[in-house]
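A quick write-up on the structure given underneath.
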There are 2 protein chains.
Amino acid sequence: MSKDFLEECLPILTRTPATLDTLLRDLPDGWTSATEGPGTWSPYIVVGHLIHCEKADWMPRLQIILEHGPDRPFDPFDREAQLRDSRGQSLSALLDEFGTLRRDNLARLRALNLDDDQLELKGTHPALGLVTLRQLLATWTAHDLGHILQVSRVMAKRYREEVGPWAQYLSVMK
Amino acid sequence: MSKDFLEECLPILTRTPATLDTLLRDLPDGWTSATEGPGTWSPYIVVGHLIHCEKADWMPRLQIILEHGPDRPFDPFDREAQLRDSRGQSLSALLDEFGTLRRDNLARLRALNLDDDQLELKGTHPALGLVTLRQLLATWTAHDLGHILQVSRVMAKRYREEVGPWAQYLSVMK
């Protein structure tokens with residue numbers, strides 16, 4: 001296993017379900033269904049998106065790199081899938097599902113025991129072209145953090161008017 | 001107690017220490033000491049700042065409003081205090097301290113049993129002028145979310161180069 005890099009990614013990847021669970025579970029709906037305007041994502045929609053990524057993005061693409069290298073491009077990713085798949089499900093159910101899928105995926109990742117050479121293996125992104133397995137793992141990690149950021153931003157901006165004059169001190173409101 | 005508004009703020013205010021604990025405790029130092037450049041804050045510095053806010057900002061200012069109204073301006077807040085106060089302390093110790101201070105402050109807030117009229121009481125911010133107690137509570141809440149956002153952003157940007165071509169899909173990297 002390529003210790004240095006993977007041992008940096010794994011602690012973030014491992015924590016994300018618990019972080020979102022702590023932040024969101026059983027919050028009043030006003031927070032978890034808040035958006036930044038029409039067509040933008042609520043915390044609820046973000047969790048559905050993260051579920052779809054576990055199913056269709058990270059590990060499937062990693063497997064394509066390991067099995068086919070750059071010859072077989074990744075399948076395109078559906079950024080709207082959660083709008084169908086989450087329908088009718090509670091946020092609690094989605095948080096549970098995300099936690100289970102992530103745990104299983106990280107168990108599979110660990111079992112691969114990737115070495116440094118494998119991190120440099122290449123795949124073909126349908127739009128971005130050549131990428132490495134290492135870049136895929138870094139993106140998985142940064143993508144988690146980016147969505148924790150998004151969820152926090154969406155909820156903070158719900159109080160843009162409520163904070164009154166303090167808005168000018170809160171960069172999130174700008 | 002003014003149920004509607006306080007019952008929205010309290011679930012966020014209650015969760016923040018646990019959210020940051022889940023996200024940060026025992027992470028490799030590379031993550032928790034990362035910054036966005038000279039003079040910017042690491043996750044470690046953010047937790048120190050949140051501690052100082054518990055001691056010197058939210059509840060002390062709320063008490064000034066209740067006891068003095070707008071006649072006595074709030075004491076100015078030291079945004080750099082954590083650079084002195086945190087010195088030599090582990091992140092784990094800071095997370096523990098933040099959790100304890102927040103729990104105590106929310107117990108005091110609940111015990112005040114604020115009603116709707118009290119939420120409209122006014123105080124004087126040394127720079128912003130007249131503010132209401134309700135705006136102070138909203139700002140406390142949004143400020144928490146803004147710093148969860150900041151911590152996530154700082155850590156995600158650490159991988160700006162690592163993600164390679166994916167950077168153009170990750171808005172946090174822009």
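Laboratory data are not the source of any read-out in this text; all were calculated from the coordinates shown. In this text the structure is predicted, and so the values were computed from the model without any measurement. Here Cβ is always computed from backbone atoms with ideal geometry, including for glycine, and neighbour counts include all displayed protein chains.
Once both axes come from the Cα atoms, what is the angle between helix A:91-112 and the longest principal axis of chain A, in degrees from 0 to 90, rounded to 10?
It works out to around 20 degrees.
Pull out the extension gain between B:K122 and B:Q168, defined as 0.36 nm times the separation in residues minus the alpha carbon to alpha carbon distance; nm, one decimal.
Answer, rounded to one decimal: 12.0 nm.
Which semi-axes, in whole Å and largest first, does the equivalent ellipsoid of chain A have when worked out from the alpha carbon gyration tensor as the square roots of 5 times its eigenvalues?
Equivalent-ellipsoid dimensions as semi-axes: 32, 17, 16 Å.
What order do you get for A:Y169, B:Y44, A:Y159 when you list them from fewest to most C-beta neighbours inside 10 Å?
Fewest-to-most Cβ neighbours within 10 Å comes out as A:Y169, B:Y44, A:Y159.
Which whole-number percent of Cα pairs in the range B:85-174 have a distance greater than 23 Å?
When all Cα pairs of the range B:85-174 are counted, 52 percent exceed 23 Å.
Report, to the nearest 10°, how far helix A:43-56 tilts away from the longest principal axis of the Cα atoms in chain A, using its own Cα long axis and a range of 0 to 90°.
Helix A:43-56 sits at roughly 10 degrees to that axis.
May I ask you to report, in nm to one decimal and beginning with the shortest, the distances from A:D26 to the same position in the other copies, taking label points 7 Å along Cα-to-Cβ?
Nearest to farthest, the other copies are at 2.3 nm.
For A:K122, which aspartates and glutamates qualify as cross-link partners when the Cα separation must be under 16 Å and same-chain residues fewer than eight apart are set aside?
Partners found: A:D57, A:E67, A:D71, A:D75, B:E162.
Ratio of the range A:1-102's C-alpha Rg to 2.2 N^0.38 Å, to two decimals?
1.23
Roughly speaking, what is the centre-to-centre gap between the range A:16-78 and the range B:110-174 when only Cα atoms are used, to the nearest Å?
Answer, in whole Å: 24.
Setting aside same-chain residues fewer than 8 positions from A:K157, which aspartates and glutamates have a Cα under 16 Å from its Cα?
Of all the aspartates and glutamates, those that pass the test against A:K157 - Cα under 16 Å, at least 8 places apart if same chain - are A:D29, A:E36, B:E8, B:D144.
If you rank B:D96, B:D21, B:D117 by fewest surrounding Cβ atoms within 10 Å, what's the result?
Neighbour counts put them in this order, fewest first: B:D117, B:D96, B:D21.
Can you pull the percent of Cα pairs in the protein assembly as shown with separation above 33 Å?
The answer is 32 percent, as a whole percent.
Tell me the relative contact order for the range A:36-133 as a rounded percent, counting alpha carbon contacts under 8 Å between residues six or more apart.
38 percent
Residue by residue through the range B:30-42, what is 3J(HN,Hα) from phi via Karplus (6.51 cos²θ - 1.76 cosθ + 1.60, θ = phi - 60°)? Round to whole Hz and write x for glycine and proline.
x, 7, 7, 9, 5, 10, 9, x, x, x, 9, 9, 7
Mind checking the mean number of beta-carbon atoms from other chains within 10 Å of the Cβ atoms in B:152-161?
The mean count of partner-chain Cβ atoms within 10 Å per residue comes to 6.
As a footprinting exposure proxy, order B:W140, B:W41 by other Cβ within 10 Å, with the fewest listed first.
Ordered from fewest to most neighbouring Cβ atoms within 10 Å, B:W140, B:W41 come out as B:W41, B:W140.
In degrees between 0 and 90, to the nearest 10, how far off the longest principal axis of chain A does helix A:3-24 point, with axes built from Cα atoms?
Taking Cα atoms only, the helix is inclined about 30 degrees.
Express the relative contact order of chain B as a whole percentage, based on alpha carbon pairs under 8 Å and six or more residues apart in sequence.
31 percent
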